[in-house]
Amino acid sequence: MNKQTEILEYINKKISSEGYSPSVREIGKAVNLKSTSSVQYHLDNLIKKGLLSKKANLSRSLSNNKRNKTFLSVPIIGEISAGSPLLAEENKIGEIPVVEERYNKDLFALKVKGDSMIDAGIYDDDIVVVDKNIEPKNGDIGAFMINDTEATVKYLDTISGKKYLIPANKNYENFEVNENTQPVGKVVSLFRDI
């Protein structure tokens with residue numbers, strides 16, 4: 001194990017057990033470096049590599065930039081059209097991991113079918129994560145139900161005072177929002193297998 005790895009592991013252990021970073025002298029003692037300038041040299045290199053950060057002129061302010069992220073599962077509950085509206089069937093067909101900081105219980109995912117949103121970077125078989133707590137506003141990409149049975153992903157926008165669901169593909173027509181069009185939620189993430 002090289003000195004930088006040893007130092008990084010010691011700092012992580014100290015932060016997780018005591019809640020604050022060790023001093024330069026403590027690091028030196030833990031990794032058998034007698035000179036504080038040698039320890040500082042390794043710390044500077046770890047900071048340059050982006051593995052550590054330090055608040056200027058503050059002792060014991062080292063922090064690890066590569067924290068372990070926790071992921072929570074969001075259910076994939078069916079398919080949604082990016083084309084002509086598709087019959088919506090809510091049956092769980094899988095799960096997708098979302099970073100804990102971005103997770104809430106009102107997230108769900110849908111598999112995209114069709115090509116009406118390709119100019120927005122949403123392709124057939126992509127998975128969109130929808131937050132049903134956020135109603136799409138003008139300019140947002142949202143998931144919408146039409147006639148309580150058909151689901152689609154489109155931009156929402158207002159043209160000449162009327163609201164429309166707008167595709168991101170010139171081969172498709174805008175769809176005027178009416179009383180049979182209900183927002184499901186805003187699209188907040190996109191996943192793609194490559």
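The values are calculated or read from the model by the stated rules, or taken from the named source; none is laboratory data. Because the structure is predicted, anything quoted here is derived from the model rather than measured. Positions of Cβ are backbone-derived with ideal geometry, glycine not excepted, and every protein chain shown enters the neighbour counts.
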With (1) in contact with a Lys or Arg (Cβ under 9 Å, 6 or more places away or on another chain); (2) assigned to a strand (DSSP E or B); (3) farther than 21 Å from ASP106 by Cβ as the list, and ASN138 as the residue in question, which single condition is left unmet?
-> (2)
Restricting attention to the range 135-152, does a residue exist that is of a type in the set (A, V, I, L, M, F, W, C) and within 21 Å of the chain's Cα centre (by Cα)?
-> yes
Is it the case that the range 94-110 has a residue that's of a type outside the set (A, V, I, L, M, F, W, C) and more than 15 Å from SER73 (Cα to Cα)?
-> no
Filtered residues of the range 15-49 (kept if in a loop (DSSP other than H, G, I, E, B) and exposed (fewer than 14 other Cβ atoms within 10 Å of the Cβ)) | GLY19, TYR20, ASN32, LYS34, SER35, LYS49
Residues located in the range 113-166, provided they are surrounded by 14 or more Cβ atoms within 10 Å (Cβ to Cβ), touching a residue at least 60 places away in the same chain (Cβ under 8 Å) and among the acidic types (Asp, Glu) | ASP126, GLU150
Would you point out the residue of the range 89-126, among those that are modelled with pLDDT of 90 or more, of a type in the set (Val, Ile, Thr) and within 16 Å of ALA151 (Cβ to Cβ), that is nearest to the chain's Cα centre (by Cα)?
-> ILE122
Do we have any residue at all in the range 167-180 that's in contact with a strand residue (DSSP E or B) (Cβ under 6 Å, 6 or more places away or on another chain), surrounded by 16 or more Cβ atoms within 10 Å (Cβ to Cβ), of a type in the set (Val, Ile, Thr) and not in a loop (DSSP other than H, G, I, E, B)?
-> no
When residues of the range 103-140 are limited to those that are acidic (Asp, Glu) and touching a strand residue (DSSP E or B) at 6+ places or on another chain (Cβ under 7 Å), the one nearest to PRO183 (Cα to Cα) | GLU135
